[in-house]
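Structure first, commentary second.
Nothing in this text is a laboratory measurement; each read-out follows from the coordinates by a stated rule. Everything numeric here is computed off the predicted structure, so don't read it as measured data. Note that we place each Cβ from the backbone using ideal geometry, even for glycine, and neighbour counts take in every protein chain shown.
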Amino acid sequence: MAERYSSFEEGGTRWLWQRITAAFLVVVLAFHFFLLHFVNHAYEVSFMASSIRMDNLLYYSLMILFLVTATFHGVNGVFNALVNQGLTGRRKRAVKYVLVAASVLLIVQGVRTANAWAGISLF
Amino acid sequence: MSQSYDRGLVEDFGRWKEFSAGMWAWVFHKFTGWVLVGYLFTHISVLSTAVSAAGNTRAIEAQNDVYTVVISTLESLLVVRILEVGLLAVAVFHILNGCRLLLVDLGVGLDAQDKSFYASLVLTGAIVVASVPTFLEGVF
């Protein structure tokens, strides 16, 4: 049987959520690349074109979910990589809070950006 | 049946000559993951220029708002387009190897996990090479 190489503790909650978000991201990241590089092209990007896409509630919701899952998957991956390298105790807790704060900032800024395109003014 | 192995530290890259397909897959997945999470933060930062552009209807209609200008300036640079091809390579490998990991975790295709790693590499190369014309379109 093959060896198991992973930064995650097998069967743990962080491992499970990493897999659940991965299954979603595999499809949505491929869709994102396809839509924004092959259907629409890099040299055609404009605020108005992004606005038209974000006006569609389904697309807007998908992008918000994409932002949240990608942030979780990325930050959870970084955290587990560091834990796998031997991060423990107070430093582990400090890294965790820094990563949680960075994630919250990223999601808030991402939502503000999506709202700017969609014409929603919440904050 | 599960077995435990003393794989030593994969993080000890001085042992790279001893690395097997599974270890290379682990190294590449981790590397591409770090690149993607770094890019995610950069991506949202650059796209955030849309927040400043919003509300300036006249500039948006004339396509000279800050967001459109920043993105179109970046996209006019050959180096940015080449970096985008690199990003595609990183993302495609992470997606394909991620599918491989999902299958491995479900216990599917364990015996062929080395072959599926090579297949991920070959498929990544093929998709990236085929995408180069689209990614460079309009830059010259």
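Projected area of the protein assembly as shown, taken from the Cα convex hull and averaged over every viewing direction, in nm²?
Reported value for the Cα convex hull: 15.9 nm².
State log₁₀ I(q)/I(0) for chain B at q = 0.08, 0.16 Å⁻¹ as given by the Debye formula over alpha-carbon point scatterers of equal weight, solvent excluded.
Computed log10 I(q)/I(0) values: -0.35, -0.95.
Give the average, rounded to an integer, of partner chain Cβ atoms located within 10 angstrom of each Cβ in A:99-111.
Mean inter-chain Cβ contacts per residue within 10 Å come to 2.
What order do you get for A:111-120, A:40-49 when each peptide is scored by the mean count of other beta carbon atoms within 10 Å, highest first?
Numbers: A:111-120: 19.4, A:40-49: 16.6.
In decreasing order of mean packing, A:111-120, A:40-49 become A:111-120, A:40-49.
Roughly how many Å is it from the Cα centre of segment B:40-65 to that of segment A:68-95, as a whole number?
32
Taking only C-alpha pairs under 8 Å that are 6+ residues apart, what is the relative contact order of segment A:13-118 in percent?
Relative contact order for segment A:13-118 comes out at 42 percent.
Are there DSSP H segments in chain B that both extend 15 Å or more along their axis (alpha-carbon positions) and score a mean Kyte-Doolittle hydropathy of at least -0.5? List them, or say none.
Values: long enough: B:21-47 (37 Å, 1.07); B:78-105 (40 Å, 1.79); B:113-136 (34 Å, 1.07).
Flagged H segments are B:21-47, B:78-105, B:113-136.
Using helices alone, what [θ] at 222 nm do you get for the protein assembly as shown, with -39,500 (n - 2.57) per DSSP H run of 4 or more residues, divided over all residues and rounded to the nearest 500?
Rounded to the nearest 500, the figure is -24000 deg cm²/dmol.
When the Karplus curve 6.51 cos²θ - 1.76 cosθ + 1.60 is applied with θ = phi - 60°, which whole-Hz ³J(HN,Hα) does each residue of segment A:33-45 get, with x for Gly and Pro?
Values, residue by residue: 4, 5, 5, 8, 10, 10, 7, 9, 10, 3, 6, 9, 4 Hz.
Which of the GluC sites (Glu not before Pro) found in segment B:69-140 are in a DSSP loop and have at most 14 neighbouring Cβ atoms, other than their own, within 10 Å?
B:Glu137
Ordered by packing density, taken as the mean number of other Cβ atoms within 10 Å over each peptide's residues, highest first, how do B:87-97, A:88-98, B:107-117 rank?
The most tightly packed comes first, giving B:87-97, B:107-117, A:88-98.
Run down the lysines and flag those whose C-alpha is under 21 Å from the C-alpha of A:Lys92, throwing out any fewer than 8 positions away in its chain.
B:Lys30
Quick one: pull the percentage of alpha-carbon pairs in segment A:13-118 with a separation above 22 Å. Don't skip to the answer; put the middle values down first.
Values: 2343 of 5565 pairs.
Percent of Cα pairs beyond 22 Å in segment A:13-118: 42.
Please compute the contact order of chain B in relative form: average sequence separation of alpha-carbon pairs under 8 Å and at least six residues apart, divided by the residue count, as a percent. Before the final figure, lay out the partial values.
On the way: 75 pairs, mean separation 41.4, N = 140.
Reported relative contact order: 30 percent.
Write down the Å³ per residue value for the convex hull defined by the alpha carbon atoms of segment A:65-123.
Roughly 65 Å³ of hull volume per residue.
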